[in-house]
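Q: The following block contains the structure, expressed as structure tokens.
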Amino acid sequence: MGIESIDQVKRSAVSSFIASLSELGIQPRTLNRKLSSIQSFFEWAIRNEYIKQNPARGVKRPKTGSALPSVVRIESIDQLFSEIEFPEGFVGLRDRLILNTLYACGLRRQELIDLTIDSINDSDRTIKVKGKRNKERIVPVSVGILELLIQYRKYRADLNPESNHLFITERGKKLYPGLVYNMVKNYLSLVTSMEKRGPHVLRHTYATHLLNEGANLQAIKELLGHESLASTQVYTHTSLEKLKEVYQKHPRHSKS
């Protein structure tokens with residue numbers, strides 16, 4: 001006989017249901033959402049006194065694994081900085097400089113917002129970045145970014161010479177997260193159809209491109225401000241996926 005009432009459902013039945021969906025090829029994240037819905041349903045049944053215990057409680061959740069970081073192709077980055085036209089004046093120059101800084105320095109969004117005029121050392125070509133838990137790190141910057149900074153400072157000084165924040169709005173105020181996110185997303189939308197197009201994608205792209213060019217993993221860890229090497233190692237998986245993609249296009253492989 002099958003299950004005829006809600007109070008007959010056992011934990012084994014819930015586990016078997018999830019396992020059967022897994023055999024059909026349904027992804028772990030989807031399975032976990034379904035399991036959460038089942039658990040919520042039985043909690044409702046308990047509150048309404050249909051059952052006394054939740055048979056879905058304790059059912060083992062499928063492992064989802066870590067999602068690989070989204071990375072912009074190098075061709076798209078080249079297109080962004082060589083073909084896309086930025087608006088004239090302060091906003092266009094600021095946006096171009098922000099995009100360059102996020103990609104070429106691997107900064108988090110809040111790290112960029114918190115930069116001050118004093119963060120830049122022109123003679124050493126470095127930026128002092130205040131990361132998580134106020135931990136500071138020094139990141140090198142390119143001559144190209146410093147040249148953009150020289151132009152940007154002229155506009156910025158006219159808007160708010162008293163503020164120490166490096167990046168400001170048209171009204172001279174400190175940047176806010178939503179402005180940075182929307183600006184980056186809008187520009188990346190011009191060169192890629194990727195689903196994720198926020199500032200953190202440029203940080204992932206920075207790290208991955210460095211690794212692809214042969215940079216040492218420990219050095220990348222320091223540049224990103226990671227606490228442990230384990231956080232940085234995710235980019236080795238991204239590079240491995242790129243190698244697999246290249247391998248699949250190899251003429252000898254495609255004929256086998």
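Q: Output the number of residues of the stretch 153-192 satisfying the condition of being more than 14 Å from Leu93 (Cβ to Cβ), of a type in the set (A, V, I, L, M, F, W, C) and part of a helix (DSSP H, G or I).
A: Qualifying residue count for the region: 4.
Q: Separate question: Could you please let me know if Asn48 is closer than 30 Å to Lys34 by Cβ and out of contact with any helix residue (DSSP H, G or I) (no Cβ under 9 Å at 6 or more places or on another chain)?
A: Criteria met by Asn48.
Q: Hey, among the residues in the stretch 201-218 that are touching a helix residue (DSSP H, G or I) at 6+ places or on another chain (Cβ under 8 Å) and surrounded by fewer than 18 Cβ atoms within 10 Å (Cβ to Cβ), which one's nearest to Arg137 (Cα to Cα)?
A: Residues of the stretch 201-218 touching a helix residue (DSSP H, G or I) at 6+ places or on another chain (Cβ under 8 Å): 201-212, 217-218.
With surrounded by fewer than 18 Cβ atoms within 10 Å (Cβ to Cβ) added as a condition, the list becomes 212, 217-218.
Working: Asn212: 23, Leu217: 16, Gln218: 14 Å.
Only one residue fits best here, namely Gln218.
Q: On to the next question. Exactly one condition in (1) crowded, with 17+ Cβ neighbours inside 10 Å; (2) within 20 Å of Val201 (Cα to Cα) is false for Ile120; which is it?
A: (2) is the only condition that Ile120 fails.
Q: Determine whether His165 is closer than 22 Å to Ile84 by Cβ, surrounded by 14 or more Cβ atoms within 10 Å (Cβ to Cβ) and in contact (Cβ under 8 Å) with a residue 24 or more places away in the chain.
A: no
Q: State all residues of the stretch 79-105 that are within 15 Å of Gln151 (Cβ to Cβ), of a type outside the set (A, V, I, L, M, F, W, C) and either outside any helix (DSSP H, G or I) or touching a residue at least 12 places away in the same chain (Cβ under 8 Å) (or both); if no residue qualifies, say none.
A: Those that are within 15 Å of Gln151 (Cβ to Cβ), of a type outside the set (A, V, I, L, M, F, W, C) and either outside any helix (DSSP H, G or I) or touching a residue at least 12 places away in the same chain (Cβ under 8 Å) (or both): Pro87, Glu88, Gly89, Arg94, Asp95, Arg96, Asn100, Thr101.
Values in this text are rule-based calculations from the coordinates and carry no lab data. Predicted, not measured: the structure shown is a model, and the values here were computed from it. With ideal geometry, Cβ positions are generated from the backbone for all residues, glycine too; neighbour counts draw on all protein chains shown.
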